Structures are given as structure tokens and as C-alpha cells.
Amino acid sequence: MAEAEFDRAKAKTFTQLMVRHLEGAAVSIMIEVGRRVGLFEAMATLGAVTSAEVAEKTGLSERYVREWLAAMVCGGIVEYAATERTYRLPREHAAGLTGASSRNLTGMAEMFPLMNRVIPDVAEAFRTGRGVPYSAYQPDFTGLMDRRSRPRYDELLFSAYLAKPEGLVPRLDAGIRVADVGCGTGYCIAQMARRFPKSTFVGYDISSEGIREARAAAHGLANASFVVQDITRLETPAPFELITAFDAIHDQADPAGVLRRVCAALSPGGTFLMLDVWASSELADNVGVPMAPYLYTMSTMHCMSVSLAGGGPGLGTAWGHQVATRMLHEAGFTDVKLFERVDPANSLYVARRAEAS
Ligand SMILES: C[S@@+](CC[C@H](N)C(=O)[O-])C[C@H]1O[C@@H](n2cnc3c(N)ncnc32)[C@H](O)[C@@H]1O
């Protein structure tokens, strides 16, 4: 009876889907290997070439290069001319695989080795529900995040993110007090401090590795400082006119507490600028959205797990617009504006602390 109900066409379609998932995972591994050894950058400068020519140009082993090229050809990344036995990386493909801009998507695959490394910890957390601490991802995580975010900040920090709140840039020009919570390696602080010399900037992060790098990178900037600080316990001597959080709220152990602290640390009428992942809080809305499986995977393998490890709610990477907006209101912000997709992956929330009455 059960056999009669088995839908063979559906099973076949599903097998095909599984095959595509497995192919994608396999190609991602090879993308990361190719990125590490500089094969994409090299291929982008060579026209149609044999594997021997690629090996000679890169100083890599021809046998490894040939096997990697085969995976790239079958994965649709490199083109192959069978008669000449030559390989070519089309310019249109190279644009998404090389260079320092955010169009280079290989940084997304760079996350996978770290996520693979913590599979045993995450599997154990499924049994205990206790999460995986931030420390399990170090020392790699800080540098990975930095490399992944930096091109986006170079391209969009001033033109898209800081430009959204009306009148903010003139106030930064005139000189205000600014904090960045969860600042990582402090790249945004350093960029802002250079651009707005009359404003003063403080970066807070719980990671001493991140703050060490931040201090080194901001060397010589008199208006930038960095503090190793758990922002759930943020105490500020004087209020800030602007607080920013770039991709730093959804994985907090106490996100509601952090938002309350941020609101309290602002001067009346002060602005909170929160860049966070574009998503709906409703799973059904995210089905079929490109990269949604990546979001839920990164959430399970990192963002949700680090929050749970700290005794937090584990909001997850796809906590979404509805939950984020509600939490900002609950934290005491009076005016919350959402700018969806200010870049391909993120939305921007601009929230204000009420003016003093
Ligand atoms: C996803 S990273 C984003 C880093 C940086 N803003 C960027 O965009 O590259 C989140 C950062 O929040 C920091 N963080 C997490 N919990 C924190 C806490 N309770 N207090 C301070 N920093 C925290 C982490 O160490 C990490 O550097």
C-alpha cells in the first residue's frame, strides 16, 4: 500500500536536487582551494591555456592544477576546448571570482573550512542545546569577517549606510561623539575617523584579538580609540550622538539588553545605525530567496550557536525585519526606519532615542 503511494517522479526530482546540492558543496571546496593558491587571479590574466601553462605561470603542481581545472570545468566556472586541451576563465566569471571588490564571491566560500571545523561542536550542541562559544571560532573568525566585510565598507559605508539618516553626514563633519559596538577589527571606525576628523570615535568589542588589530590599523588617528568591552555591560562616561552596529546584534547573547544599553548610551535625539542581515522573520517568506540556505547554515554553524552558548535566545542570522524592528521599539527607540537591501545582503535600521521632553 505504502509502495503504491510512493511518487517516483517526486523522488527523481528530489534526487536531482540532492545531486545539485552535493555538486555545489564540492565545487565550493575547490573554489576555496583555488582562491588560496591564487588560481583564479592567475587564470584571469591568461587567455586560453593548457594545464601545463597554468602550472608554469603559478608555480603549482601540474597534476593538481589539472584536477582542479577539471572540477572547475564540470562546475561551469572554467571553459574547456577539448581539441586544444585548453582552459579559459571568461572575463564575466573572473569578475565574480577575483579582485578586491565585493563582487568577488569567493570570500563566502572562505567561511566553509571554519564551519566544517566546528561541525563536531555544533553536532554536540544539537544534543545538549548549549551552543558553541565564540572562542571555538578563534583565531580565524575575526580575520575572516574582516576580509569579507571590508570591500563592502570601502564601497558603501559613506555612500549608502551613513548617507541614509537625514543630516547625519553634516553632523559628523561638524564633530560628534560616535561609538561602534561589536567593531571587530575596527575598520569602520578607522574609515570614519579619517573622513570626519572633528568627530571622536570609540570601538567596542569583546574580542581582544579584534581590538589588538583595530589599534594597530588606526595607529596615528588621534580621534579613534578601542576598548575590549562586553557591550551587554556598556557604561559610558558621556553619551554618544551616534552609535553604529555593523552585523553585530543578531548573534548577541543578550540582544535585547544590548539594544537597551545602546539606547541608554545615546544622547536625547541620538541615532542608532544598525546594519544587519536582510531577511524576513517568517521562514515562508525566505523560501526561494537566493542565499537563504546559506543564511540558515551560517546561523546554525555560528550566529545562533554563539548566542545560545552565552545563555542567549539564539535569534539566528535570519531574525528578520519584523523581530528586529519590534526589539528596537521594545529597547526604547521611538522612531525606527528600515531601509531594505542597502547592499545585496543587508538592511539598515535607523533608530532614534527620543528627544528630552
Ligand atoms: C559578525 S562580527 C562583525 C564585526 C564587524 N562589525 C564587521 O562588520 O566586520 C560581530 C562582532 O561582535 C563582537 N561581539 C559579540 N558579542 C559581543 C559582546 N557581548 N560585546 C562586544 N562585542 C561582541 C564579536 O567579537 C565580533 O567582532
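The values are calculated or read from the model by the stated rules, or taken from the named source; none is laboratory data. Everything numeric in this text was worked out from a predicted model, so none of it was measured. Don't worry about glycine lacking a Cβ; one is built from the backbone with ideal geometry, like all the others, and counts go over all protein chains shown.
Restricting region 236-289 to residues that are closer than 13 Å to residue 181 by Cβ and free of Cβ contacts under 8 Å to residues at least 60 places away in the same chain leaves a set whose member that is farthest from the ligand (Cβ to nearest atom) is 236. Those helices (runs of 4 or more DSSP H) of region 258-357 in which 2 or more residues are of a type in the set (Val, Ile, Thr) and at pLDDT 95 or above occupy 320-330.
For the structure I just gave you, tell me whether residue 30 is among the aliphatic types (A, V, I, L, M), in contact with a strand residue (DSSP E or B) (Cβ under 8 Å, 6 or more places away or on another chain) and in contact (Cβ under 8 Å) with a residue 24 or more places away in the chain. It is false that residue 30 is among the aliphatic types (A, V, I, L, M), in contact with a strand residue (DSSP E or B) (Cβ under 8 Å, 6 or more places away or on another chain) and in contact (Cβ under 8 Å) with a residue 24 or more places away in the chain.
Any residue that is within 12 Å of the ligand (Cβ to nearest atom), under 18 Å from residue 146 (Cα atoms), in contact (Cβ under 8 Å) with a residue 12 or more places away in the chain and assigned to a helix (DSSP H, G or I) - is there at least one of those in region 195-207? Among the residues of region 195-207, not one is within 12 Å of the ligand (Cβ to nearest atom), under 18 Å from residue 146 (Cα atoms), in contact (Cβ under 8 Å) with a residue 12 or more places away in the chain and assigned to a helix (DSSP H, G or I), which makes the answer no.
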